[in-house]
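Only one structure is covered here, and it is reproduced in the block below.
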Amino acid sequence: MTMSAKAISNNNLPLKVYVAAGHKQYCQIYSITLGRERHVSESSGLRHRSLNGAPPNTNLQPNSHNQERKIVFHVEPLKQVQIDFSPKEPWGKVVRISPNCKLLASGGDDSNVRIWSFPDLSKVHEFTTHDKEIDDIDFSPDSLKVASISKDRRAIIWDIKKGKKHAELGWEPANNLKYMYKRIKFGCVEGDCKKYKVYTISNPIGSSKAKAYLHKWNSQSYTVENFVASQQGIVFSALAVSDNGNFVATGTMMEGIVEIFASFNLSLLRRVTNSHSTFITGLEFLPTSEESAPCRGFSDASVVSISVDHQVCIHHVPRLNTISSFWALLLIVAVLFATFTLCSYLGL
């Protein structure tokens with residue numbers, strides 16, 4: 001099963017989340033609304049001997065002190081659509097909802113990338129360039145492009161407005177080794193959805209000693225801007241980019257290693273070994289807004305990892321220690337004062 005979710009917020013309405021869940025050859029859309037319900041606690045119906053002057057054995061009525069509030073999720077199934085039409089055994093492998101919540105992309109065993117309107121699921125485009133099953137799909141932050149990778153070892157960027165291929169990623173591995181793209185993600189630049197980069201992880205084919213690669217691609221020329229190689233024999237299985245585009249995380253296939261990088265230069269910020277006992281199946285960053293800081297433990301970034309070992313882990317990037325502008329200004333004044341005093345003493 002594959003899943004994708006997007007939240008719709010409105011100050012006048014309860015929070016609503018759309019979930020696209022792929023199961024076999026179908027995709028089912030759900031609407032999830034967060035709400036609160038009041039329940040009378042069990043103690044409210046008990047008889048008491050005396051309370052606030054009430055006669056003994058009086059059955060007290062519920063009040064605000066013996067009521068409980070519970071957060072509940074109201075789930076409503078919406079439309080369902082078939083997303084894969086492989087003649088042998090149709091199977092949808094990936095679904096993604098666009099950032100503007102107007103489109104859904106799907107891919108599966110039949111090698112076709114399909115774009116649907118959302119949430120009514122009317123087909124908009126069908127791209128047939130790949131000739132093997134689709135492994136991953138992602139929308140650009142502005143929802144104008146969609147990227148796909150396949151077991152045919154190709155990574156293609158599609159122009160949704162024009163309905164055709166926009167670009168194709170390519171690089172030349174050393175020693176004539178063959179590589180296959182494993183995951184692909186877009187990431188905005190400094191929170192600007194109109195500026196973005198593309199990130200991919202690639203694993204070697206037929207070599208247990210070769211290194212895997214994390215690549216950062218320019219979104220204008222679609223050439224490699226930077227890359228990071230794994231340790232020898234370690235291959236990647238998961239990739240995530242934070243919503244502000246400042247952080248990139250990778251997960252490994254067998255060693256349970258999570259690495260978090262600064263997207264600017266792909267410098268390693270944190271490496272967590274043995275976070276899982278086997279390969280990592282998914283990574284996702286928590287929101288980076290100030291409102292969500294308590295959920296992150298007030299760290300700069302937090303990424304959640306899941307694995308087939310049935311464990312869910314969260315990894316934090318500690319917030320850098322900073323000083324306030326007042327103390328920075330005071331320090332500058334002190335340094336200037338000390339400099340002028342020294343120059344005066346030396347007669348300069």
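The values are calculated or read from the model by the stated rules, or taken from the named source; none is laboratory data. Please read these numbers as outputs of a predicted model, since none were measured by experiment. So basically every Cβ, Gly included, is an ideal-geometry build from the backbone, and we count neighbours across all protein chains shown. Calculation scope for accessible area: heavy atoms of the full protein, side chains included, ligands and nucleic acids excluded. Shrake-Rupley method; radii C 1.70, N 1.55, O 1.52, S 1.80 Å.
List of remarks:
- Of Lys123/Lys195; Lys88/Lys164; Lys93/Lys145; Lys164/Lys197; Lys24/Lys161, pairs whose Cα-Cα distance is over 24 Å: Lys123/Lys195; Lys88/Lys164; Lys24/Lys161
- Volume per residue that the Cα convex hull of the range 75-231 spans, once the total is divided by residue count, Å³: 148
- Gain in span if fully extended, Ser208 to Arg69, counting 0.36 nm per residue against the direct Cα distance: 44.5 nm
- For the range 232-249, there are no residues whose amide N sits under 17 Å from a probe point set 7 Å from the Cα of Ser277 along the beta carbon direction.
- Carbon and sulfur %, accessible surface of the chain computed with the full protein complex present, 1.4 Å: 54
- What the Cβ-Cβ distance of Ser31 and Gln220 gives, at R0 = 35 Å and to the nearest 0.05, is a FRET efficiency of 0.40.
- Cα-based values for the chain, radius of gyration first and Dmax second, are 26.6, 95 Å.
- Full-extension gain in nm, Asp309 to Lys164, via 0.36 nm per residue minus C-alpha separation: 48.2 nm
- Anisotropy class of the range 147-201 from Cα gyration tensor, a/c 1.5 cut: oblate
- Backbone HN-Hα couplings from phi across the range 224-230 [Karplus 6.51/-1.76/1.60, Hz, Gly and Pro as x]: 6, 8, 7, 7, 9, 9, 6
- Charge dipole (the chain, unit charges on Cβ, about Cα centre) - positive-most of Ala262, Ala167, Gly245: Ala167
- Whole-Hz couplings from phi, Karplus 6.51/-1.76/1.60, listed for the range 115-123; x for Gly and Pro: 10, 10, 6, 10, x, 7, 6, 8, 5
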